[in-house]
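The values are calculated or read from the model by the stated rules, or taken from the named source; none is laboratory data. In this text, all values refer to a predicted model and were calculated from it rather than measured experimentally. Here the Cβ positions follow ideal geometry from the backbone for every residue, glycine too, while neighbour counts run over all protein chains shown. Surface areas here come from the heavy atoms of the whole protein model, side chains and all, with no ligands, DNA or RNA. Shrake-Rupley method; radii C 1.70, N 1.55, O 1.52, S 1.80 Å.
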Amino acid sequence: MLLQRIHVEKGAYYDSVTLMLVARELQSMEGIEEASLNMATEANLKILAAAGFGVSDIQAGQSDLLIAVRGDGSVLEAAIERARELLKNPPGRKSTPGEYRPKSLDGALSMLPEANMALISIAGRYAGDEADKCLDAGLHVMLYSDNVPIEKEISLKNKAKEKGLLVMGPDCGTAVIRGVGLGFANACPTGPVGLVAAAGTGLQEVHVQLARRGVGVLHAIGTGGRDVKEEVGGITFSMGSEALLCDEEIRVVVLIGKPPAPSVEERILRILEGGKKPAAVGFIGGKASGDKPPLYLCRELEETAAVAAALANGKDPSSAREELFKSYERLKEKAAPMKRKGFIRGLYSGGTLCYEAQLIATGLIGSVYSNAPLASEMKLADSLKSRGHTMVDYGEDEFTQGRLHPMMDSTFRAERLLSESQDPDVGVILFDCVLGYGCHPNPAGQMAEAVEKARKKAGGRIAYVAYVCGVDADPQGATEQRKILEEAGVTVCDSNAEAARLACYIVG
Amino acid sequence: MAPLRLVVVERHKSVINLRSRAGRRYSVVTKGEDMGPRSILSKRLPDWNVGEEVMVFAEALPVCYDPEIPKTPPSKRWRPLWFEWLDFLAEPPLDVVGKELAKGDLSSVAGLGPGLTPAGDDLLAGYMAATKLRGETVPAQIFPKMDTTTWLSFDILRDAFAGLVWRRIKDLCDALAGEGVSLLEESLTSCLAMGHTSGRAYLAGMALGFEA
């Protein structure tokens, strides 16, 4: 008989990679069927409960660590002890002396005095102060960390502006500087395009779609998702746009993000209008529309890339857009033999990809529920329980506190794919696989395994549609990843927008 | 010159440590970076067993490096870097030495902590080397009594007190006196590779010595 135990380690903080490595180690112990190590956040307690662990008596706060194990009763205690031991010296992170790396900002600057930028990736509560120090040292900042208070973001960005420095972030997962990708970035070619984006999968998608059209990017400046809010005022978006307009190597400027606050949008568009460079503006789902050369206003990611590529190649952007939307129309023919009844369940690792898919689906088949919905009334009461058409963003904080981001580990998302496949009301399961540096080495493999298992149970009742956001030069290889999914019976599309449309046409 | 009569005390993978009648350590090493004062660099270790008495003709051996600490002080440019080395004392397993240092004088760490050469001794040796590098005299009161630590460790401290250091440390001293980043990076990496904790303890001691 399987027993379970949850041990609470009070006030213990470990990064999510360590927790994953220790959990894997426990899972390899004989007699252990399931093991997980997570911070005791409300969301993680819910996830544990959904996995069948009894959590009602757990006395723990979000600064405490939960070590949960299920298996043969005789080994549970040993497994907990093993976990505590491993946490002191995690597998794969041995404290053997290696290459010397400075540990402090001053130490790093003494060894690299010509550096002009710092990448900060530490717990959010410390990240803001470190960014302050970097600005004082005259460095541009890429703030990869999230959970930095908005007040801190505002003060950092104002300080940076005074000094003529950029603060990219907080929560800036991707940037490209002189063709070099930072964070989650794809191995795309360098070229004449300069991007400013919130810096998530929206940036990655446009980067990849430009590469598919043979156009490279020199710089991609991430701003963090809150930059375009009224309170922050689009400081980095404005500074980034100005910098790209002044850069002689940049021929086309591209802006990407969710729609900014109206005053911020107005400010940004005014900067671009005065810039004398063609610009494609992709505020996804934004209200502004219509081309006013040199500005081209787009509503979707692939559309933005297609327009920008046309501008870079000296072609007519309107024709490029028209052709793209015609190709979307042809998806209806592709969907005809794939018709299914039921709802779409979208399982996303990329936040902007999830947002764009909701936008497209809402236009084609009606409102979509989500944990990160387009409109507040469509918010799921419980992110773990779908209703109607649902698209879940697994990159939201509720799923990533003390847990790896789904772009680094799709295990949790794959489990959801299995459970959604058992729902008789589901007709299509739609998902993304985001590739690039920093991402899981084989995300398609993780999802394909789940699809294969699900197909054994559900048969052909459900259609699986996916998008692989990446290029062949990425460490995972886009063609290879695509093939893995196709062999598992997944229909793989060429863009996120295409995948969302195909899913809608299948059930519509 | 009469041959040296030495007794084999320890045999490791790439080092044999021998003791003279006067109680000094001599070594045969197979890696250049493991050379210390009174070391012989050899292609392979001789087939000597622990406890065996051997004879070495010192005048027949080539001089590979000068173990004397250079007289050039470290560049102030690296000061932020050596401040970081003090952090080693806050992390296990060296925290035991850090805690002792916080409550007592420097000599109280002799023989303390983990390692073949106790970490406290490595720290003291680093302190002595740094003091010498600054051109100062090492205060005699920090030199430990013989019975406070191991024979090998005591011998290293004797050398450090006299201004003689291991080749890795000599390279580090040279790098700290210069401005070359890659040279410093290389020598720091080499120092960290000393023993399990020795490198880190030594660097922490050097930082204390530089700031004394």
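Enter the mean number of other protein chain beta carbons within 10 Å of the beta carbon of each residue in B:83-93, as an integer. Please list the in-between numbers first.
Values: counts 5, 9, 2, 0, 3, 1, 0, 0, 1, 3, 1.
Per residue, the average neighbour count from other chains is 2.
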- prompt: For A:VAL281, A:VAL180, what's the largest-to-smallest order of accessible area, 1.4 Å probe?
  reply: A:VAL180, A:VAL281
query: Considering the Cα trace of chain A, what is its radius of gyration and what is Dmax, both in angstroms?
result: 23.1, 72
task: State the answer as a single residue: which of A:TYR328, A:ASN313, A:ALA261 lies farthest towards the positive end of the charge dipole of segment A:257-349, with beta carbon charges of +1 for Lys and Arg and -1 for Asp and Glu, about the Cα centre.
output: A:TYR328
field: Computed FRET value (nearest 0.05) for A:ASP291 with B:GLU91, which takes r as the C-beta separation and R₀ as 41 Å
entry: 0.10
message: Calculate the FRET efficiency for B:GLU211 and A:ARG213 from the Cβ-Cβ distance with a Förster distance of 60 Å, rounded to the nearest 0.05.
response: 0.55
field: Inter-site label distance for B:GLU186 and A:ALA51 at 7 Å from Cα along Cβ, in nm
entry: 4.8 nm
message: Please state the shape class of segment A:172-327: rounded when a/c is under 1.5, otherwise prolate if a/b exceeds b/c and oblate if not, all from the C-alpha gyration tensor.
response: rounded
task: Quick one: angle between helix B:151-161 and the longest Cα principal axis of chain B, in degrees between 0 and 90, rounded to 10, please.
output: 60 degrees
task: Quick one: angle between helix B:181-192 and the longest Cα principal axis of chain B, in degrees between 0 and 90, rounded to 10, please.
output: 60 degrees
- line: Cross-link reach from A:LYS277 to aspartates and glutamates, straight Cα distance under 20 Å and at least 8 residues apart if same chain, gives A:GLU242, A:ASP247, A:GLU248, A:GLU249, A:GLU265, A:GLU266, A:ASP291, A:GLU303, A:ASP316
message: What is the distance in Å between the Cα centroid of segment A:118-147 and that of segment A:1-20?
response: 29 Å
task: Classify segment B:108-211 as rounded, prolate or oblate, taking a ≥ b ≥ c as the square roots of the eigenvalues of its Cα gyration tensor: rounded when a/c is under 1.5, otherwise prolate if a/b is larger than b/c and oblate if not.
output: oblate
message: With just the Cα atoms defining each centre, how far is segment B:2-78 from segment A:450-508? Give it in Å.
response: 65 Å
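Mind checking the full-extension length gain between A:GLU85 and A:TYR437? Use 0.36 nm per residue of separation minus the Cα-Cα distance, one decimal, nm.
Computed gain between A:GLU85 and A:TYR437 is 123.6 nm.
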Interface burial for B against A (accessible surface, 1.4 Å probe, total of both chains, Å², rounded to 100): 1400 Å²
statement: With Cα coordinates, the longest principal axis of chain B makes an angle with the long axis of helix B:119-133, in degrees rounded to 10, of 80 degrees
- request: Compute the distance in nm between two label points, each set 7 Å from the Cα along the Cα-to-Cβ direction, one at A:LYS453 and one at A:SER263.
  value: 5.1 nm
- prompt: Of the cross-linked pairs A:LYS88/A:LYS483; B:LYS13/B:LYS99; A:LYS339/A:LYS385, which ones have a Cα-Cα span greater than 31 Å in the structure shown?
  reply: A:LYS88/A:LYS483; B:LYS13/B:LYS99
- prompt: Which whole number gives the average count of other chain Cβ atoms within 10 Å of the Cβ atoms across peptide A:107-116?
  reply: 4
Full-extension gain in nm, A:CYS246 to A:ASP129, via 0.36 nm per residue minus C-alpha separation: 39.1 nm
message: Rounded to two decimal places and with Rh computed the Kirkwood way over Cα pairs, what is Rg over Rh for chain B?
response: 0.96
task: Give the calculated FRET efficiency between A:VAL17 and B:LYS31 to the nearest 0.05, with a Förster radius of 41 Å applied to their Cβ-Cβ distance.
output: 0.75
- request: For segment B:118-156 and segment A:337-392, compute the distance between their C-alpha centroids and round to whole Å.
  value: 68 Å
task: Return the distance in nm (one decimal) between the two label points of a simple spin-label model at B:GLU53 and A:SER74, each offset 7 Å from Cα along Cα→Cβ.
output: 5.9 nm
- line: Using alpha-carbon positions, the gyration tensor of segment A:331-507 gives root eigenvalues a ≥ b ≥ c; with a/c under 1.5 called rounded, otherwise prolate if a/b exceeds b/c, else oblate, the class is rounded
task: Calculate for the protein assembly as shown the 222 nm mean residue ellipticity that helices alone would give, adding -39,500 (n - 2.57) per DSSP H run of length 4 or more and normalising by residue count, nearest 500 deg cm²/dmol.
output: -12000 deg cm²/dmol
Candidate lysines - alpha carbon under 20 Å from A:LYS157, same-chain residues fewer than 8 apart omitted: A:LYS133, A:LYS229, A:LYS258
